[in-house]
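Structure, as structure tokens:
The values are calculated or read from the model by the stated rules, or taken from the named source; none is laboratory data. As the structure is a computational prediction, the values presented were derived from the model and not from experiment. Neighbour counts run over all protein chains shown; Cβ positions are idealised from the backbone, glycine included.
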Amino acid sequence: MKKLILFALAILIVTACFSQDKPKKKSFWTNTPPAESKTVPLDSIFPVINGRIDYTDVFTVPDTTINATYTKAKLWFVDNFNNAKSVIQVDDKDNGIIKGRGVLDYGANHYFYYTITVMFKPGRVKYEITDIVHSYDGYIPGYGYKKEDKPLETWATPTRKQSVVSVYRGINDKFINLCHSLKIALLKPPSDNW
């Protein structure tokens, strides 16, 4: 009888030990971020105007004519694109406008097509980079072949994932560098040393 009571008592103790709630491990596959992580809005990464991603700047170009500024802009297009003739869609020197469609290669089959407009007035320049479209054409493991063209505003959604935020910042940096190189080229004083 003692053995039976000891055996029942041992079963009770073992059952009580295994019935404790264990903390659940976070699944590798869950998309739920930690509670302290917050969604990063797009306008904290990209310049957003009226719901559209828009890189725009107006600046003065001292002591220069529209013709000189126009020539500098044309040279910038030649220096920054493989084929400036295929990029430039509107080339109107009299009205002071050059407009084109460019593509930014982000790698891994991700391309960003955009419209770039440079407008001139005496002593002033305005540029705009708008209508940015993300294009992907390639194979995604687990999904197969995928072809997609989406405006950057709908492709780049607010996110909590830091890896995605880093990609968005990298895209933004490439467009800022493009704008910066244009501004430097247009503000550069003419050189007589050749």
Kindly state which strands (runs of 3 or more DSSP E) lie completely within region 73-164 and contain at least 2 residues that are modelled with pLDDT under 95 and over 23 Å from L187 (Cα atoms).
97-107, 110-121, 124-140, 144-151
Note on region 132-143: residues surrounded by 14 or more Cβ atoms within 10 Å (Cβ to Cβ) and over 13 Å from the mean Cα position of the chain (by Cα) are Y136
Would you check if T64 is modelled with pLDDT under 85, within 26 Å of Y127 (Cα to Cα) and of a type in the set (V, I, T)?
yes
Please identify the pairs in which a residue from region 162-181 that is touching a residue at least 24 places away in the same chain (Cβ under 8 Å) has its Cβ atom under 8 Å from the Cβ atom of a residue that is in a helix (DSSP H, G or I), counting only partners at least 6 apart or on another chain.
Y168/L42; I171/L152; L178/N80; S181/W76; S181/N80
Checking the structure you have, find out if any residue of region 87-106 is within 21 Å of K174 (Cα to Cα), out of contact with any helix residue (DSSP H, G or I) (no Cβ under 9 Å at 6 or more places or on another chain) and surrounded by fewer than 11 Cβ atoms within 10 Å (Cβ to Cβ).
yes
Residues in region 118-135: is at least one under 17 Å from H180 (Cα atoms) and in contact with a Lys or Arg (Cβ under 6 Å, 6 or more places away or on another chain)?
yes
